[in-house]
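Engineer: One structure, pasted below without further comment.
Nothing in this text is a laboratory measurement; each read-out follows from the coordinates by a stated rule. These numbers were taken from a predicted model, which means no experiment stands behind them. Don't worry about glycine lacking a Cβ; one is built from the backbone with ideal geometry, like all the others, and counts go over all protein chains shown.
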Amino acid sequence: MQKSFFTVFLICIVAAYGQNDGERIDYNSANPFSFYHVITDLDHQIPQKVYGILRFPEGVMLKNLPLVVGVAGSMAWGSHHFEYMEMYRKQGFATFELKSFASRNVSSTVGSQIEVTTAMMILDAYRALEALATDERLDIRQAAITGWSLGGGVALYSAWQPLKDAISPNVGFAAHLAIYPPCIIDMDLVDFTDAPIHILAGELDDWVPADACIDLVGEMQASGADADITVYPNAHHSFDRRTAPRKSIDGYVLTDCMFRMRDDGAILMNFLDIPMITPLRQKVGLASCAGRGPTYGGNPIARKAAFEFASGFMVKHLLK
């Protein structure tokens, strides 16, 4: 039977773009609210089906490719995130877009930060790495993780040794690139893996302040971690967007917040040292120090520099 024009058209589209459409990878994760739940009670967390999109570079042999795992921020995946991932594929890396939000039917956590947490996303990232470990197209030993804002926190704290030990002692990331992550915790135990860690931050960021990241990196370096930071002048949160800076009405201003974190992963309120291990406690803890209305948006100079740095970072640490 002769194929219809529409059928032939679809076949052509799939042939031309099928590789870049990516492959959906489904796997099992869970819903730990906090680092404390990961470290002390991971086996009893509510199970969660999670997925991500695996994409490959064009024109290369699909065998033992380095991998970059990307983790979006509180507003989920945006166009600038995809630009980074496309850049990595052009460099010859496979990419994996972690879909922690969509897997839980959440579109944004701005203003609440409780529906999908850093702990959930770190667990999702490691479970993804384990799910991809048997794929012969990938060299899982050369897998980096990068993320933005909330996802930057995932990229950063996935290198915290107690979390890795609790989740995945045998599989880990070869490099961590955290882009404007939240660093507002004073860690009792500064113990990170030996993988290289780098933070990109904006000088004017009032959503997640750069000063806190500078202090944290200093502590990490003192503990022997391979950590460093680049702070871009005159740059706000999300400095790598194409859009001009503007206010987020619901977002937190965290410049006056700093919380102590115990070695069991419990983050404590600034009064009475109450562990913020429930959504209500976290809301109360943030209300004690955080304002509303941070500025976010692009700075062309910082954006260009960030893309150039990210490109070089992945080449340096994955193409060995």
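Engineer: Set the Förster radius R0 to 45 Å, insert the Cβ-Cβ distance between T134 and S288 as r into 1/(1 + (r/R0)^6), and round the FRET efficiency to 0.05.
Structural biologist: 0.45
Engineer: For the Cα atoms of the chain, what angle does the longest principal axis make with the long axis of helix 210-222, in degrees from 0 to 90, nearest 10?
Structural biologist: The angle comes out at about 90 degrees.
Engineer: To check you understand DSSP bridge types, tell me what percent of the beta bridges within the chain (both residues inside) are antiparallel, rounded to 5. Could the numbers behind the result be given before it?
Structural biologist: Values: 20 of 49 bridges.
Antiparallel: roughly 40 percent of the beta bridges in the chain.
Engineer: Contour minus end-to-end for M61 and D228, with contour as 0.36 nm per residue of separation and end-to-end as the Cα-Cα distance? Intermediate results must be reported in sequence, preceding the final value.
Structural biologist: On the way: separation 167, 0.36 × 167 = 60.12 nm, distance 3.36 nm.
Once the chain is fully extended between M61 and D228, it gains 56.8 nm.
Engineer: Same structure, new question: Pull out the extension gain between D263 and F82, defined as 0.36 nm times the separation in residues minus the alpha carbon to alpha carbon distance; nm, one decimal.
Structural biologist: On the way: separation 181, 0.36 × 181 = 65.16 nm, distance 3.50 nm.
Roughly 61.7 nm would be gained on extension.
Engineer: Relative to the present Cα-Cα distance, how much length would full extension add between D186 and F309 at 0.36 nm per residue of separation?
Structural biologist: Working: separation 123, 0.36 × 123 = 44.28 nm, distance 2.73 nm.
Full extension from D186 to F309 adds 41.5 nm.
Engineer: Could you please rank F93, F33, placing first whichever residue has the fewest other Cβ atoms within 10 Å of its Cβ?
Structural biologist: Working: F93 25, F33 20.
Starting with the residue having the fewest Cβ neighbours, the order is F33, F93.
Engineer: If you don't mind, there's one more thing I want to ask. To test your reading of the geometry: what angle, between 0 and 90 degrees and rounded to tens, separates the Cα axis of helix 79-90 from the longest principal axis of the chain?
Structural biologist: The angle comes out near 60 degrees.
Engineer: Please report the relative contact order for the chain, taking Cα pairs under 8 Å with a sequence separation of at least 6, and give it as a percent rounded to a whole number.
Structural biologist: On the way: 704 pairs, mean separation 52.1, N = 320.
Once normalised by length, the contact order is 16 percent.
Engineer: Now for a separate question. Mind checking the angle between helix 300-318 and the chain's longest principal axis? C-alpha axes, 0 to 90 degrees, to the nearest 10.
Structural biologist: 70 degrees
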